[in-house]
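Trainee: Dropping a structure here in structure tokens format, bear with me for questions.
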Amino acid sequence: MKMLQLPTVALEARIKEELEANPALDEGAESFDNEEEYDSYDDQPEVSEAEKEFDFSDYMDDFDDPSYKYSIRNKGADDEDRSMPIVGGKSFIDRLEEQIGEYSLDDHKYQLALHLVGSLDESGYLRRDIESIVDDLAFTQNIFTNAVELEEVLKVIQQFDPPGVGARDLQECLLLQVERKLEKHRSLELITAKDILVNNFDAFTKKHYSKISEKLEIDDDALKTGLDEILKLNPKPGNTASSSNKPIEHIVPDFTLNVRDGQFELFLNSRNAPELRVNREYHQMIEGYQKQKDKPSKSQKDAMMFIKQKLDSAKWFIDAIKQRQNTLMTTMEAILNYQKEFFLEGDETKLKPMILKDIAEEINMDISTISRVANSKYIQTPYGTYLLKYFFSESLSTTNGEEVSTREVKRILQDLIGEEDKRKPLTDEKLAKYLKEKGYNIARRTVAKYREQLNIPVARLRKEI
């Protein structure tokens with residue numbers, strides 16, 4: 001079950017870990033001639049029952065040298081190198097620290113600047129209040145300062161690039177960026193934007209545009225140009241500066257689906273199906289031990305017990321990987337059959353209501369097993385790459401008594417909001433009314449729940465000029 005819930009990248013790491021820990025496990029195609037030979041060591045009598053001694057010096061020489069426990073050589077010269085590249089470049093903090101040297105600060109203020117830069121979060125904000133930082137400096141670094149001096153140094157940092165860095169909240173961050181623009185070029189739009197941020201920030205966050213227009217005594221066109229300038233600003237300057245140093249995480253699909261002439265071709269990602277085998281040399285050591293007539297010493301018995309334990313562990317691990325592959329394919333094939341109409345056309349409205357229990361009963365597995373597969377596995381289709389969980393949804397009754405997927409209702413809800421007049425966005429009540437007209441029995445509170453699940457804000461926050 002633990003192996004099943006691992007995503008592809010984590011599975012690769014788990015296999016690598018097992019290969020390093022167990023010398024009886026190798027990469028590559030199975031080296032045994034038949035299954036009987038693979039299972040033969042299970043049929044041998046236990047090592048502890050053997051009373052024969054034999055010449056085991058060749059093996060003991062290897063056993064006494066523990067190096068094989070820590071390293072393996074399973075790769076040839078032509079094998080693929082799967083090592084992860086090391087991400088280079090300077091971090092966001094490194095870039096800020098370099099800029100400190102561009103200003104004429106004495107040693108004391110230089111240390112204050114270093115501490116402030118180190119206190120910024122990933123977005124470039126200073127979240128701790130000045131008084132607390134004064135205390136931190138005194139107790140942790142024996143540097144004594146006061147709030148006034150620290151504010152002065154913070155003002156210096158707020159001149160760094162990217163603009164907006166060193167702000168303590170969103171309002172200050174946006175204002176720093178507008179003021180930087182005004183230093184280079186004064187325009188009516190920027191002056192309006194600054195006025196909105198300084199005197200009408202609360203109304204701006206709540207999109208009370210009529211209140212802003214009335215207070216500033218400007219028309220909608222002037223207000224819109226000022227708002228457009230604000231929308232061009234970056235609310236998280238630190239993320240932009242450090243994004244180039246962050247490795248891009250790609251989704252590795254566990255399955256690939258091709259649709260040819262109405263037929264499905266389902267493949268399991270080869271990284272989910274590695275070739276593993278039991279090391280034949282260790283298996284032969286067991287066989288050789290059983291054929292000897294001399295009574296073994298205690299150290300030899302211990303060595304053989306160690307080998308048999310590693311062989312058992314290797315076989316168990318290979319079986320667990322195979323079982324994982326079978327479960328993944330069985331589950332995915334059941335989902336394909338259940339959602340056949342969607343996978344043939346890629347139309348979201350063709351998704352049928354489907355819960356974990358439906359698939360569990362179809363393939364006679366536990367619901368928890370299906371959940372582990374659905375929550376962590378992806379499939380690449382001609383219509384995009386999907387998390388398997390995407391295909392599961394509750395049902396909803398239409399006025400005709402037909403059961404439809406809530407996924408279909410959410411898609412229609414998205415379309416309604418996408419086509420609405422942004423000057424007069426549709427309320428949840430109006431959205432529920434439109435859905436009922438389309439034949440979907442849905443209450444206003446359910447519309448609100450679906451809207452929140454789609455990360456769509458309320459009508460007031462969707463309003464535009």
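All of the numbers you see were taken from the coordinates with simple rules; none came from a lab. In this text, all values refer to a predicted model and were calculated from it rather than measured experimentally. With ideal geometry, Cβ positions are generated from the backbone for all residues, glycine too; neighbour counts draw on all protein chains shown.
Trainee: Could you list Ser313, Ser104, Ser213, Ser299 in order of exposure, starting from the residue whose Cβ has the fewest other Cβ atoms within 10 Å?
Mentor: Neighbour counts put them in this order, fewest first: Ser104, Ser299, Ser313, Ser213.
Trainee: Using the 2.2 N^0.38 Å rule of thumb for compact globular proteins, work out how the range 312-452 stacks up: its C-alpha Rg over that value, please.
Mentor: This ratio for the range 312-452 stands at 1.31.
Trainee: Now for a separate question. Ranked from highest to lowest mean number of other Cβ atoms within 10 Å per residue, what is the order of the peptides 422-434, 371-383?
Mentor: Per-residue Cβ counts within 10 Å, averaged per peptide and sorted highest first, yield 371-383, 422-434.
Trainee: Follow-up. Cα-based Rg of the range 170-233 per 2.2 N^0.38 Å, rounded to two decimals?
Mentor: Compactness ratio reported: 1.00.
Trainee: Another question, if that's okay. With r defined as the distance between the Cβ atoms of Lys155 and Val252 and R0 fixed at 41 Å, what FRET efficiency is calculated, to the nearest 0.05?
Mentor: E(calc), rounded to 0.05, equals 0.30.
Trainee: Also, I was wondering about something else. Kindly list the residues of the range 118-140 that lie in the label zone of Ala147, defined by a backbone N under 18 Å from the point 7 Å along the Cα-to-C-beta vector.
Mentor: Residues 126-139 fall inside that zone.
Trainee: For a 30 Å ceiling on Cα separation, which of these pairs sit above it: Lys181/Lys224; Lys16/Lys236; Lys207/Lys389; Lys211/Lys436; Lys224/Lys438?
Mentor: Pairs exceeding the cut-off: Lys16/Lys236; Lys207/Lys389; Lys211/Lys436; Lys224/Lys438.
Trainee: Okay, next question. Can you return the lysines within cross-link range of Lys301? Criterion is Cα-Cα under 25 Å, with same-chain partners fewer than 8 residues away left out.
Mentor: List returned: Lys52, Lys69, Lys291, Lys293, Lys310, Lys315.
Trainee: Right, something else. Among rounded, prolate and oblate, which fits the range 395-462 when a ≥ b ≥ c are the square roots of the eigenvalues of its C-alpha gyration tensor, a/c under 1.5 means rounded, and a/b larger than b/c means prolate?
Mentor: Since a/c reaches 1.5 and a/b is larger than b/c, the shape of the range 395-462 is classed as prolate.
Trainee: Cβ neighbours within 10 Å, averaged per peptide: list 337-345, 258-266 in order, most packed at the top.
Mentor: 337-345, 258-266
Trainee: Can you pull the Kirkwood radius for the range 104-157, inverse mean 1/r over Cα pairs, to one decimal in Å?
Mentor: Averaging 1/r across every pair of different Cα atoms and inverting gives 11.2 Å.
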